[in-house]
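The values are calculated or read from the model by the stated rules, or taken from the named source; none is laboratory data. The shown structure was predicted, so the numbers you read here are calculated from the model rather than taken from an experiment. Methodologically, a virtual Cβ is constructed for each residue, glycine included, from the backbone with ideal geometry; neighbour enumeration extends over all protein chains shown.
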Amino acid sequence: MNPEARGRTLELVAKRPALRDELLERAHAGDVPGLARAGLSATDLERFFDGDEIEVGDLPEPETPGLSEVDFDLRIEAIVRDFDRPTILIVDDTWQPSDNPSMNAELEAARPKLEAVLGRVGRIEFRNVPMLWGGTGWVLDDRIIITNRHVGELVAQADGRGGFRFKPTLAGVPAEARIDFKSEHGSDEDDASEEVPLSAVRYLASSTRPDIALFQVAKGVALPRPVSLSTRKLKADAPVAVIGYPAFDSRSDRRAVDRYFGDIFEVKRMAPGIVTQVPGSDGIFFMHDATTLGGNSGSLVVDLATGKAVGLHFAGQYHVGNYAHTVTQINKALRGLRTMVTVPAGLASLTEKRDGAHAPSFFAGRAGYQPGFLGTGERRVPLPALGGSEADVAIATEPGGRKRPDLRYTHFSVKFSASRKVPRITACNIDGAKWKKIKRGDDQWFSDGRLPADVQLGERDYAHPDIDRGHMVRREDPNWGEPVDVSKANFDTFHYTNAAPQHARLNQRTTHWLGLENCVLENARTHGLKISVFTGPILRDDDPVLETGVQVPEEFWKIIAFLTTPDRKLRTTGYVLSQGEFIEDITEGFTFGEYRTYQVPVSQIATKTGYDFAQLAAADALVAGGLESAVPNVPPVIPLDRLESMVL
């Protein structure tokens, strides 16, 4: 026996007393097909409702193979759930009471809230392609329509430049999409008065991300108001309704489909149900038991208590359950558009300024990294050579036409990769005694006119909501000296020539990169030290590729050079950071290792990069300290779970 299933079923019937009477009446009339398939009779159902316990062995063999091993209570639960999942036709943004009295009272109580959102849900229709329509969508935000990725992919694709486009067709014209807010039973199919063209594709999730797509409507086009998103925690058994456009689906039980839909498909319906499984710790999806078919992809899942959206329906299995993405995932996709779409009034503070550009003359007088910053002789540290990678360095044209292999900024320099469009190495001087704090303003990123525009990334290349422009020279590090120099240095770090793609969570763990960088700057400030910092990505040919076409470095390295006290000898330390596990969900075909920060021999960074770090490697603290690896012939590596673990 299955007491949990018994309890769930009796509780459901107790909440809807009319359901028991209706089920028994139809069962005795032979109008409950699920009874015969489960090997049950109307008398068995009546005994169950009266509290009798019946063993499976007491029952005849069911019509459907495999059901003989299923608990009696589970069979009853499936029948009751199946029977209690009506669908209701929507006409003129309202509905008539269904023939299922158990649901009418609950829906009537929610009628004002539901009628307010019915007109904001539409059918996603296509032009210039064989399919006339593909699913359901609804108004999510100002000029933004949400549906499922697998619906959007029927007419849209990535454009290879960080954005998305409508697919070209065999006829040589792009596919088109519309949303029709009517398409109701009895409506005129030729009436296009409620059709709204979808003018642009704003977001298509990758196959490893939540099944979400976002389309945009052109400015000036009339659109219903957005559906409000719920902020309440979703609870089990919460009453919900799915609003969408179910289409005939041969995969479902034909008798059940006939009972729920007759022969009426592809028009707007509402299906009530309850939440059967709340979201897990990842907050990606929940489950519900409303009746859905294929065309319901992208349907609105609305809370009957509030009339607000609680989810985006994306999949279902007959007699198992239906799946919907949570408001958390919807909001995440929407936040990714904030820098790319017009933002409603009151939300402008959430966006960054659009990209700018600086001509070569802007950089006049920038001295860049100074090799003699730490001293002369053995303390002098030139900008390292890049070995075979020097051929990939983009040549800068300075004001006046002089050519240079390095870009010079205020207190730092960059050698830039022309092929990967990211720094190969950055070198920064930090004077802790002269460092000054400067408030971070509204971020605005710029291209550097000393390099061709086509070798630099831009905002479209960083369009993915999980990818940040990662400063290689940290914003705070070069901010020292006279006020005018501090301002210039801070401003100079916001050039794409100083950025590489990084996962948004990369700098959120204090024991990793952020903690390391904070430690370096804090020590320089506290003790008035001079420090030179070299940073860059480890660039490999097989680095994973984002949907935007940009390769994301799997690891980053950093070398810190300083003078010991009191003997003032050159000393260095090296570090490697792997962000593999963080980019796993936005790349494909890649095997990821553990994300951690390690102190490693500088010589190993030289090996990984191919750069000439001979002088820096000779001054390595790990070498000077005589630290040996626990494994013979393998260089020592120190996981920096605590910053106190660093060897200096």
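The table below gives the values:
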{"read-out": "Number of positions in the range 126-142 that are touching a Phe, Trp or Tyr at 6+ places or on another chain (Cβ under 8 Å) and either among the polar types (S, T, N, Q) or crowded, with 20+ Cβ neighbours inside 10 Å (or both)", "value": "5"}
{"read-out": "Cβ pairs under 6 Å, 6+ apart, first in the range 97-125 and more than 16 Å from Ala290 (Cα to Cα) and modelled with pLDDT under 80, second of a type outside the set (Val, Ile, Thr) and not in a loop (DSSP other than H, G, I, E, B)", "value": "Pro97/Asn104; Pro101/Ala18"}
{"read-out": "Filtered residues of the range 450-487 (kept if more than 33 Å from the chain's Cα centre (by Cα) and over 20 Å from Thr535 (Cα atoms))", "value": "Arg450, Gly481, Glu482, Pro483, Val484, Asp485, Val486, Ser487"}
{"read-out": "Search result, residues across the range 383-414 that are of a type in the set (D, E, K, R), more than 22 Å from Gln615 (Cα to Cα) and in a loop (DSSP other than H, G, I, E, B)", "value": "Glu398, Arg402"}
{"read-out": "Of all residues in the range 80-96 being within 36 Å of the chain's Cα centre (by Cα) and modelled with pLDDT under 85, the one that is surrounded by the most Cβ atoms within 10 Å (Cβ to Cβ)", "value": "Thr87"}
{"read-out": "One residue from Lys421, Lys439 being among the basic types (Lys, Arg) and more than 28 Å from the chain's Cα centre (by Cα)", "value": "Lys439"}
{"read-out": "Residue check, Phe412 more than 22 Å from Lys530 (Cβ to Cβ), buried (at least 21 other Cβ atoms within 10 Å of the Cβ), assigned by TED's automatic domain parsing to the domain that holds Leu563 and in contact with a strand residue (DSSP E or B) (Cβ under 7 Å, 6 or more places away or on another chain)", "value": "no"}
{"read-out": "Failed criterion for Pro405 (all others in (1) in contact with a strand residue (DSSP E or B) (Cβ under 6 Å, 6 or more places away or on another chain); (2) under 30 Å from Arg335 (Cα atoms) hold)", "value": "(2)"}
{"read-out": "Residues of the range 434-449 satisfying the condition of being under 15 Å from Gly356 (Cβ atoms) and modelled with pLDDT of 90 or more", "value": "Trp445, Phe446, Ser447, Asp448, Gly449"}
{"read-out": "Leading residue by the ranking (farthest from Glu555 (Cα to Cα)) among those in the range 407-458 that are hydroxyl-bearing (Ser, Thr, Tyr) and in contact with a helix residue (DSSP H, G or I) (Cβ under 8 Å, 6 or more places away or on another chain)", "value": "Thr410"}
{"read-out": "Top-ranked residue in the range 24-52 [being of a type in the set (A, V, I, L, M, F, W, C), modelled with pLDDT of 80 or more and over 14 Å from Thr9 (Cα atoms); ranked as surrounded by the fewest Cβ atoms within 10 Å (Cβ to Cβ)]", "value": "Ala29"}
{"read-out": "Output for the range 274-322, where each listed residue is assigned to a strand (DSSP E or B) and among the hydroxyl-bearing types (Ser, Thr, Tyr)", "value": "Thr276"}
{"read-out": "Scope the range 203-219; condition surrounded by 22 or more Cβ atoms within 10 Å (Cβ to Cβ), touching a Ser or Thr at 6+ places or on another chain (Cβ under 9 Å) and assigned to a loop (DSSP other than H, G, I, E, B); matching residues", "value": "Asp211, Ile212"}
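Residues are listed down the side, and each one gets a yes or a no for (1) under 30 Å from the mean Cα position of the chain (by Cα); (2) modelled with pLDDT of 90 or more:
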site	(1), (2)
Leu539	yes, yes
Asp567	no, no
Thr573	no, no
Gly580	yes, no
Glu594	yes, no
Thr597	yes, no
Ser629	no, no
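So that you can scan it fast, the table gives a plain yes or no per residue for (1) of a type in the set (Phe, Trp, Tyr); (2) surrounded by fewer than 23 Cβ atoms within 10 Å (Cβ to Cβ); (3) assigned to a loop (DSSP other than H, G, I, E, B):
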position	(1), (2), (3)
Ile531	no, yes, no
Thr535	no, no, no
Asp541	no, yes, yes
Gly549	no, yes, yes
Trp557	yes, no, no
Ile560	no, no, no
Thr565	no, yes, yes
Arg568	no, yes, yes
